Amino acid sequence: MTGLGDANADSPKVGIFVADSFGDRAFLDIALGGKELVEKQYGATVQTYEGRQQADKFFRQLSDAGRANDFVFVLGFEAIDAMMQAAEANERAHYIFIDAALDSPEVSSVGYRDSEGCYLVGALAARLTVSGLPLANPQKVIGFVGGVDSPVIRDCEAGYKQGAAVIDAETVVKSAWVGSWTDPAKGKIVNQSLNQDGSDINYQYAGLSGEGGFDNVRGGSAGYALGAGFDQSSLAPGFVPGSMLKRVDQTILRVTSGIIDGKLQKGFTETEGVAEGSLTMVYNDKLVSADIREQVETLAKRIASGEIKVTSAR
């Protein structure tokens with residue numbers, strides 16, 4: 001593909017497919033922000049597709065999306081196989097998988113250096129657990145809640161541990177897995193278990209399941225929760241010191257621009273992280289003091305400059 005050409009450049013047709021459903025108030029909902037951006041900037045017609053975890057329907061939905069649009073963004077590891085099959089069956093279709101770099105000329109992909117963003121969250125958690133927050137306990141224990149045990153989550157966990165260690169090598173990270181992206185009830189139980197193990201602040205890298213962690217702290221008796229992918233402070237007002245944003249919306253806008261301009265060809269692979277502004281932090285100033293915020297943001301600058309190399313689990 002060498003660009004959409006003058007006829008379509010002002011009104012591209014863009015598809016966004018998610019293996020699950022929108023409404024997770026996390027990673028997938030940020031993609032909806034990308035929909036709004038490309039509609040506004042390029043007058044794009046954007047059609048969304050929800051797989052609703054019905055894997056037997058992924059191939060048909062992706063095939064339909066590939067035929068109906070100039071290019072299609074795909075989110076959700078569960079949909080990779082179906083996407084590859086759809087790309088093989090329809091050579092004209094241009095699929096862009098978001099959240100992992102895939103080595104295939106049949107599709108394009110954008111991965112994130114998740115360990116970098118999670119490094120910053122780990123550093124924030126390690127500082128907060130000994131900062132004198134009202135619900136913090138004296139133990140140097142913080143929690144990590146993952147959705148489904150997968151490479152991208154292990155990558156985040158690795159960064160989280162490294163960030164905590166740079167603040168205090170004695171910080172203990174307790175990890176737990178929900179086993180689902182869509183089970184808040186079990187997510188709450190997992191968070192309660194981490195609290196019992198001494199953690200007073202848990203990072204929710206679990207999609208919709210992470211809402212159980214926010215429900216757990218909302219009453220003010222179980223410490224604090226840190227958000228992922230989206231600013232999740234509204235899920236437990238007063239008990240969410242910060243969130244790590246995964247700017248899928250900006251990725252969708254940037255890639256759309258590159259395809260329209262002809263700079264990005266089918267089969268491209270890229271990775272984004274802190275330096276590109278794709279992984280950033282937001283804070284609750286009532287819970288995070290200026291000196292703690294400055295310390296975390298200084299670490300972000302050192303990652304962006306290459307001074308700090310965050311090790312991936314992959």
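About the Cα centre of the chain, how large is the charge dipole given +1 on each Lys and Arg Cβ and -1 on each Asp and Glu Cβ? Please answer in debye to the nearest 20.
380 debye
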Under the Kirkwood approximation applied to all pairs of distinct alpha-carbon atoms, what is the hydrodynamic radius of the range 173-287 in Å?
15.5 Å
Cross-link candidates for K266: which lysines have Cα within less than 18 Å, leaving aside residues fewer than 8 places away along the same chain?
K13
For helix 58-68, report the angle its Cα long axis makes with the longest principal axis of the Cα atoms of the chain; keep it between 0 and 90° and round to the nearest 10°.
50 degrees
Compactness summary of the chain: radius of gyration and Dmax from Cα atoms, Å, are 19.8, 64
When the dipole is taken about the Cα centre of the range 57-150, and only Lys, Arg (+1) and Asp, Glu (-1) are charged at their Cβ, what size is it in debye, to the nearest 20?
480 debye
Can you find, among S234, N195, N216, the residue sitting farthest towards the positive end of the charge dipole of the range 193-253, where Lys and Arg contribute +1 and Asp and Glu -1 at Cβ?
S234
Might you report the magnitude of the Cβ-based charge dipole of the range 34-93 about its Cα centre, with Lys and Arg at +1 and Asp and Glu at -1, to the nearest 20 debye?
160 debye
Positive-end extreme of charge dipole, the range 81-151 - chosen from M84, L133, G117 (charges on Cβ):
L133
Using only Cα atoms, tell me the angle between helix 114-128 and the longest principal axis of the chain; keep it within 0 to 90° and round to the nearest 10.
20 degrees
What do you get for the angle between helix 151-167 and the principal long axis of the chain? Use alpha-carbon atoms, 0 to 90 degrees, nearest ten.
40 degrees
At a 1.4 Å probe, what is the % contribution of carbon and sulfur to the accessible area of the range 28-89?
46 percent
On average, how much accessible surface per residue is there in the chain, in Å², for a 1.4 Å probe, leaving out ligands, DNA and RNA?
41 Å²
Answer with one residue from A100, G179, G33: the one whose Cα lies farthest towards the positive end of the charge dipole of the chain, charges on Cβ with Lys, Arg +1 and Asp, Glu -1.
G179
By the gyration tensor of its Cα atoms, with a ≥ b ≥ c the square roots of the eigenvalues, what is the shape of the range 28-158: rounded for a/c under 1.5, prolate for a/b over b/c, or oblate?
prolate
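The values are calculated or read from the model by the stated rules, or taken from the named source; none is laboratory data. Just so it is clear, the model here is predicted, and its values are computed rather than measured. Reconstructed Cβ throughout: ideal geometry from the backbone, glycine too, with neighbour counts over all protein chains shown. Note: accessible area is taken over every heavy atom of the protein model, side chains too, but ligands, DNA and RNA are not part of it. Shrake-Rupley method; radii C 1.70, N 1.55, O 1.52, S 1.80 Å.
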